[in-house]
């Protein structure tokens with residue numbers, strides 16, 4: 001099979017890539033998840049009947065579904081011992097695969113452990129009942145919060161099921177025990193609140209990001225994979241600065257709502273501009289918030305008001321307007 005090297009422009013132009021696939025009758029295409037996400041919707045029938053390899057990171061389920069809907073034969077792959085290995089199928093011939101516990105014991109079907117291909121790979125995987133492997137991703141992207149294991153790739157996959165999210169990268173905020181999601185999505189005023197509501201429906205509490213940062217394009221390496229170092233640098237800037245300059249004291253209503261935010265979110269860094277849902281809030285806490293507002297101010301707000309006005313300053317303005 002002849003090798004066709006696509007020009008750099010084809011990494012962002014789906015129409016150009018589709019033309020190359022058709023003109024050269026390409027049977028197999030290999031690209032990173034970021035590249036596939038940018039070009040998939042413009043490939044059309046050109047990718048149908050061809051093998052699409054997604055590597056070297058876990059592929060978002062929405063991306064896999066999109067390509068399969070175009071009749072592509074989709075497989076995710078990852079590099080191990082200098083070779084590409086299917087992450088969603090049987091091990092490549094010639095590679096002796098095992099899934100083992102930290103003490104080296106072989107693990108049974110369905111139990112996650114480190115994939116070994118003669119040597120350790122640093123990759124988390126489990127055996128399926130049909131004898132195939134499912135690879136979850138690098139072990140260093142598995143975190144533990146209060147005894148709960150969180151797979152960052154799974155969190156990213158869940159966020160990409162939101163209609164506005166093209167791609168997502170999730171990391172731990174440096175010096176804190178909360179997650180930051182950097183998302184490639186269009187600029188929308190209520191995006192963080194929308195994503196927080198979405199996360200509440202698709203992720204367990206400990207796996208929900210506390211902060212959301214929107215970018216036009218996710219940072220990437222020369223190999224067109226997510227640049228995790230750059231993502232960590234972005235995450236370090238999440239939340240309020242350690243020493244914010246002195247500001248004028250908020251009015252009494254804003255100050256009262258700030259206090260409610262702080263108590264419900266269990267945070268000491270709430271300001272009049274803190275976004276409730278981007279700071280760990282969810283619909284249950286929002287319901288408690290509007291109840292407390294009614295009890296303290298006499299103003300009855302709908303739950304939707306907390307989503308439409310997610311900061312203390314915005315809610316205080318709404319409350320003040322309601323009592324005039």
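Structure remark: mean-square fluctuation, Gaussian network model of the chain, C-alpha springs under 10 Å; the largest value among 129, 209, 138 belongs to 129. The calculated FRET efficiency for residue 187 paired with residue 120, based on their beta-carbon distance and R0 = 45 Å, is about 0.55.
Summarising the label geometry, the points placed 7 Å from Cα in the beta-carbon direction at residue 15 and residue 163 lie 2.5 nm from one another. A straight chain from residue 308 to residue 142 at 0.36 nm per residue would run longer than the Cα-Cα distance by 56.4 nm. Here the chain has an Rg and Dmax of 23.3, 77 Å, counting Cα atoms alone. When a/c reaches 1.5 or more, the comparison of a/b and b/c decides; with that in mind, is segment 1-80 rounded, prolate or oblate per its Cα gyration tensor? Cα axes put segment 1-80 in the rounded bin. Summary of the geometry: segment 1-73 and segment 164-240, compared by the centres of their Cα atoms, lie 25 Å apart. Computed from the C-beta positions of residue 288 and residue 22, the FRET efficiency with R₀ = 45 Å rounds to 0.20.
By how many degrees, 0 to 90 and rounded to 10, does the Cα axis of helix 191-202 deviate from the longest principal axis of the chain? So the inclination is approximately 60 degrees.
Taking 211, 127, 36 as the candidate residues, the one with maximal mean-square fluctuation in a Gaussian network model of the chain, Cα springs under 10 Å, is 127.
Axis of helix 33-43 versus longest Cα principal axis of the chain: the two differ by about 80°, to the nearest ten degrees. Once you keep just the Cα pairs under 8 angstrom separated by 6 or more residues, what percentage relative contact order results for the chain? Normalised by residue count, the contact order of the chain is 10 percent. For the chain, modelled as a Gaussian network with Cα springs under 10 Å, which listed residue fluctuates most, 49, 137, 118? Sorting by GNM fluctuation, first place goes to 118.
Each value in this text was obtained by applying a stated rule to the coordinates, not by laboratory testing. What you are looking at is a predicted structure, and each value in this text was computed from that prediction instead of being measured. So basically every Cβ, Gly included, is an ideal-geometry build from the backbone, and we count neighbours across all protein chains shown.
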